[in-house]
Amino acid sequence: MTSAKQSTEEHIAMLRPKLVAFARLQLRDSAAAEDTVQDTLVTALEKHQSFSGRSAFETWVFGILKNKILERFRHDRRYLSWQDDELSDEDSFENLFKENGRWQAASKPTPWGDPDQVLENAAFWRLLDTCLMVLPDNTAQVFTMRELMGLTTQEICEALTLSDANCWVILHRARLRLRACIEKGWLT
């Protein structure tokens with residue numbers, strides 16, 4: 001085995017835990033995540049010669065994973081359960097308005113500290129992962145597709161057969177719930 005190929009295989013092996021964690025977050029099924037990551041790794045190994053170096057190797061492999069996840073969404077609709085994302089009391093439409101019918105301004109977010117320092121803090125990322133795991137499956141799925149995978153709303157809607165309006169509502173709910181979760185875990 002050549003040292004370049006061995007190096008590629010070692011690099012891919014080191015990425016595997018991150019790939020599995022990301023796939024589990026998206027698919028909410030350990031077996032499906034393992035299968036999807038396995039497909040990703042096979043593709044990365046088979047096509048590593050085509051890696052041009054225009055991005056980081058890790059970014060390239062995650063791009064393959066992103067496409068594999070989207071393929072799975074398109075071909076296996078059993079992961080979708082949009083009907084169980086019912087509004088909780090704190091998210092309900094009525095709670096957005098005062099009794100007199102006027103808009104009730106949302107509470108101001110509590111400052112989290114210097115954003116650059118927070119983003120470099122491993123504890124923050126563990127908390128974010130925990131908060132994502134407690135979101136309803138479809139909410140976490142749409143949020144991570146948009147914010148972590150970088151998909152457009154149109155791409156998300158096509159992959160998950162959602163309306164544009166429904167996608168934006170889900171993203172809004174996700175952001176509200178994540179903000180509340182992070183404030184509880186980060187600031188207490």
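Bear in mind these aren't lab numbers, they're just calculated from the coordinates by the rules spelled out. Quick caveat, the model's predicted, so the values are computed rather than measured.
For the range 143-160, what does the Karplus curve 6.51 cos²θ - 1.76 cosθ + 1.60, with θ = phi - 60°, yield as ³J(HN,Hα) per residue in whole Hz, taken in order and with x for Gly and Pro?
Rounded to whole hertz, the list is 4, 5, 5, 6, 8, 9, 8, x, 6, 6, 4, 4, 5, 5, 4, 5, 5, 10.
What list of ³J(HN,Hα) couplings, whole Hz, do you get for the range 58-67 from phi and the Karplus terms 6.51, -1.76, 1.60, once you set θ to phi - 60° and write x for glycine and proline?
My calculation for the range 58-67 gives 4, 4, 4, 5, 5, x, 5, 4, 4, 5 Hz in order.
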